[in-house]
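Novice: Take a look at the following structure, please.
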Amino acid sequence: MTKEKTPTPKKPQLLITGGAGYIGSHMCVESLQAGYDVVVLDNLSNSSPKSLAAVERITQKQLTFIEGDIRDDAKLKEVFSKHQFDAVVHFAGLKAVGESNSEPLKYYDNNVHGTLRLLEAMAEHDVKTLVFSSSATVYGMPEQMPIREDFPTGAINPYGKTKLNVEVILQDLYASDPSWRIGMLRYFNPVGAHASGEIGEDPSDIPNNLMPYVSQVAVGRLKELSIFGNDYDTHDGTGVRDYIHVVDLVQGHLKALEFLATKPQLSVHNLGTGTGYSVLDIVQAFEKASGTPIPYKMAPRREGDAAKSYADPAKAKNELGWTAQYDLERMCADVWRWQSQHPNGYSE
Ligand code: NAD
Ligand code: UD1
């Protein structure tokens, strides 16, 4: 008797733009492990293909990497004609706030125009499921904590405005064609690294953000941390933020994809833990995780910084069934594993 062969069901396929970057590479790991086929489109403007080789080592699975720019219509046409994507997870973009002040056009071109090109290609190829990397920066300087999704928006720098512009574009797109499935995820402060220590954050310049700065001080690449302000209205006077482990963050994307699969919609969710930690809390936790003292000095406030920013993550919990799992100790331990094993990031 010959047994009838059951055809293997096709794996759902994701296009991950910016997949070689910090958050994108972690998304690749978790998506491959969750059973997706993954195609990465990245122009490597702020990343190394070594992150993708590490993703394949961690998962023992293969992905497809296409080096290209989301602003390149011909490239997009090629990519969308060759693959039948079930959804796009869109990380590609520029993210340095200071640089966005000095080079706003570069930011609008990359983040807004780039997203428009991507949306055109998606519409043309009838791929209408998108998860977009937005940011808590769209809340500007909120007066009240914790921050809910229905709080007023108002970005205060060009980077934040590009995120807000894209959110507005997505709202108009959905209003014009409610068959789209769009999830806008507002990240709080992503930190941490994969537990293997094989992938992590690798800023190409001196870090602007706290956690990579602290970890580079710990590993001896930088001399000391400057703490931007110790006279805020917080428990110890230093700025308070909602740090979230990058693996928790990307798990939120997988939950958002499941949520979008239930029906066409446009949704917005905060991805944060709901807990705020100060700069000094981070220094202390990192010293403990690394066993290394972090020298620091007090410095003036950084322009545009809020005293406090932390999420109300209830909407993501109720609608996506998602809650952050990892605590600050684990975030610091994972950053330290990555940083101590790769003192110079991917450029060793
Ligand atoms: P990242 O710079 O590590 O990753 C972005 C990736 O996109 C890089 O690999 C870069 O080479 C690629 N890229 C940039 N422009 C491109 C283009 N035009 N075409 C193709 N590829 C392009 O940054 P990240 O921290 O992983 O952030 C990912 C996304 O999340 C960004 O959109 C960022 O604005 C957003 N976000 C990040 C944070 C954060 O703190 N890391 C917070 C909120 C939102
Ligand atoms: C920054 C971005 C914001 C982005 C967010 C998440 C700015 C002005 N804002 O905000 O748009 O959404 O990252 O990626 O860049 N700090 C120090 N010393 C340092 C670095 C930071 O004291 O060398 C302090 C800051 O003042 C702040 C805290 O550490 O209180 C966290 O800073 P950072 O990691 O840059 O994140 P955000 O300020 O939330």
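Values in this text are rule-based calculations from the coordinates and carry no lab data. Every value quoted in this text rests on a predicted model; they were computed, and no experiment measured them. Neighbour counts run over all protein chains shown; Cβ positions are idealised from the backbone, glycine included.
Novice: Report yes if Ala136 is among the aliphatic types (A, V, I, L, M), out of contact with any Pro (no Cβ under 6 Å at 6 or more places or on another chain) and over 18 Å from Asp242 (Cβ atoms), otherwise no.
Specialist: no
Novice: Among the residues of region 316-338, write down those that are over 18 Å from Asp202 (Cβ atoms) and of a type in the set (Phe, Trp, Tyr).
Specialist: Matches in region 316-338: Trp322, Tyr326.
Novice: Output the number of residues of region 102-125 satisfying the condition of being away from ligand 1 (no atom under 12 Å from the Cβ) and in contact with a Pro (Cβ under 6 Å, 6 or more places away or on another chain).
Specialist: Number of matching residues: 1.
Novice: Of everything in region 11-35 that's in a loop (DSSP other than H, G, I, E, B) and free of Cβ contacts under 8 Å to residues at least 40 places away in the same chain, which residue is farthest from Leu119 (Cα to Cα)?
Specialist: Among those residues, the one meeting the criterion is Gly35.
Novice: Can you name every residue in region 66-88 that is loosely packed, with under 14 Cβ neighbours inside 10 Å and either outside any helix (DSSP H, G or I) or within 16 Å of ligand 2 (Cβ to nearest atom) (or both)?
Specialist: Scanning region 66-88 gives Glu67, Gln84.
Conditions tested, residue by residue: (1) touching a residue at least 40 places away in the same chain (Cβ under 8 Å); (2) farther than 23 Å from Ile244 by Cα; (3) more than 14 Å from ligand 1 (Cβ to nearest atom).
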| site | (1), (2), (3) |
| --- | --- |
| Pro9 | no, yes, yes |
| Leu44 | no, yes, no |
| Ala74 | no, yes, no |
| Lys77 | yes, yes, yes |
| Gln84 | yes, yes, yes |
| Val88 | yes, no, no |
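Novice: Moving to a separate point now. If a residue must be within 16 Å of ligand 1 (Cβ to nearest atom), touching a residue at least 40 places away in the same chain (Cβ under 8 Å) and surrounded by fewer than 18 Cβ atoms within 10 Å (Cβ to Cβ), how many such residues does region 206-227 contain?
Specialist: Qualifying residue count, region 206-227: 1.
Novice: Filter region 128-151 for residues that are free of Cβ contacts under 8 Å to residues at least 60 places away in the same chain and in contact with a Phe, Trp or Tyr (Cβ under 8 Å, 6 or more places away or on another chain); which is nearest to Leu15 (Cα to Cα)?
Specialist: Checked region 128-151; the qualifying residue nearest to Leu15 (Cα to Cα) is Leu130.
Novice: Something else about it: When residues of region 152-177 are filtered for being of a type outside the set (A, V, I, L, M, F, W, C), surrounded by 14 or more Cβ atoms within 10 Å (Cβ to Cβ) and part of a helix (DSSP H, G or I), how many remain?
Specialist: Residues meeting the conditions: 10.
Novice: Moving on to the next point. Tally the residues that are near ligand 1 (Cβ under 9 Å from one of its atoms) and aromatic (Phe, Trp, Tyr), restricting the search to region 11-42.
Specialist: 1
Novice: Quickly run through region 206-228 and pick out the residues that are part of a loop (DSSP other than H, G, I, E, B) and either β-branched (Val, Ile, Thr) or over 26 Å from the mean Cα position of the chain (by Cα) (or both). Talk me through it step by step, then tell me what you get.
Specialist: Start the filter on region 206-228 by keeping residues that are part of a loop (DSSP other than H, G, I, E, B), which leaves 206-209, 219-224.
Residues satisfying the conditions are Ile206, Val219, Gly220, Lys223, Glu224.
Novice: I need the helices (runs of 4 or more DSSP H) fully contained in region 93-143, keeping only those with at least 3 residues that are farther than 30 Å from Ile206 by Cα.
Specialist: On the way: elements: 97-102, 104-107, 114-124.
It comes to 114-124.
Novice: Of the residues that sit in region 89-111 and are of a type in the set (S, T, N, Q) and surrounded by 14 or more Cβ atoms within 10 Å (Cβ to Cβ), which one is farthest from Ile156 (Cα to Cα)?
Specialist: Checking each candidate, the answer is Asn110.
Novice: Now for a separate question. Is it fair to say His194 is assigned to a loop (DSSP other than H, G, I, E, B) and closer than 21 Å to Gly19 by Cα?
Specialist: yes
Novice: Give me a count of the residues in region 182-195 that are more than 16 Å from ligand 2 (Cβ to nearest atom), surrounded by 21 or more Cβ atoms within 10 Å (Cβ to Cβ) and farther than 13 Å from Ala123 by Cβ. So that I can check it myself, show each step before the final result.
Specialist: We begin by selecting, within region 182-195, every residue more than 16 Å from ligand 2 (Cβ to nearest atom); these are 182-183, 194-195.
Going one step further and asking which of them are surrounded by 21 or more Cβ atoms within 10 Å (Cβ to Cβ), we end up with 182-183, 194.
Applying the additional criterion that residues be farther than 13 Å from Ala123 by Cβ yields 183, 194.
Number satisfying all stated conditions: 2.
Novice: Right, here's the next one. Which members of region 100-120 meet the condition of being over 14 Å from Phe132 (Cα atoms) and under 19 Å from the mean Cα position of the chain (by Cα)?
Specialist: Across region 100-120, the qualifying residues are Ser100, Tyr107, Tyr108, Asn110.
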